[in-house]
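Here the structure comes first, spelled out in structure tokens, and everything after it is commentary.
The values are calculated or read from the model by the stated rules, or taken from the named source; none is laboratory data. Keep in mind that what you see is a predicted model, and the values were worked out from it rather than measured. No Cβ is skipped: glycine too gets one built from the backbone with ideal geometry, and neighbour counts run over all protein chains shown. For accessibility, only protein heavy atoms count, side chains too; no ligands or nucleic acids. Shrake-Rupley method; radii C 1.70, N 1.55, O 1.52, S 1.80 Å.
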Amino acid sequence: YQGNGIVVVGGGKYSVLSLLLIEALERQNNQLPIEILISPAEEENEKEYCTFLENNYNKYSAKCIYFDRVFSQDLLNSFEFKGFQYKSVALLASSFENVLLLDADNVPLTDISELFESHVYKKFGMILWPDIWRRSTNPKYYDIAGIKINFDKRAANLIDRFTPAEVYTPK
């Protein structure tokens, strides 16, 4: 592992979304290389996409990474990866020492090229933020992270203005 970079899970509809993400990053003058994880089930279908990426976005060292080129066949035969598990695999499969894992449907609003130089990253070695969808963070995360939750003031996300506060308040 070396350097800084962005890793995204691609394949199927996520490849199209990852391309939109790369386009947005390009408009923001992103300087970080980008790797798109392609699952074994999608590898054959994504060859054209990966060739297009490497031919048109080599300025960002944009490329696809494939399970079978990173992990042994014995390991791949021992596990069945699905859904959100691909995100953890993407972190392991990436070639970067410092990794920004982005969902394919996320688009940073500002240039993130200097993220790994930020005070927060240097102090903690990690930066996390919640997804925009309905809150699904396990309350134990806040205990582990040492974050005190103010149960008297509920913070709604952008699209969920209807869920009652009781849903987020422990009994």
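Take the residues in segment 15-62 that are of a type in the set (Asp, Glu) and part of a loop (DSSP other than H, G, I, E, B), then tell me which one is farthest from residue 75 (Cα to Cα). Looking at the filtered set, the residue picked out is 46.
Quick grid of which residues meet (1) farther than 17 Å from residue 94 by Cα; (2) loosely packed, with under 14 Cβ neighbours inside 10 Å; (3) hydroxyl-bearing (Ser, Thr, Tyr); (4) out of contact with any strand residue (DSSP E or B) (no Cβ under 8 Å at 6 or more places or on another chain):
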position	(1), (2), (3), (4)
19	yes, no, no, yes
48	yes, yes, no, yes
65	no, no, no, no
72	no, yes, yes, yes
78	yes, yes, yes, yes
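Taking the criterion of being closer than 12 Å to residue 35 by Cβ and under 13 Å from the mean Cα position of the chain (by Cα), the residues of segment 1-20 that qualify are 5, 6, 7, 8, 9, 10, 18.
Just to be sure before I move on: is residue 61 surrounded by 12 or more Cβ atoms within 10 Å (Cβ to Cβ) and on the phi > 0 side of the Ramachandran plot in the structure I sent? Answer is yes for this residue. Selection of first residues in segment 28-45 that are over 16 Å from residue 18 (Cα atoms) and of second residues that are open to solvent by less than 10 Å² (accessible area, probe 1.4 Å), restricted to Cβ pairs under 6 Å at least 6 apart or on distinct chains, gives the following pairs, ordered by first then second residue: 40/67.
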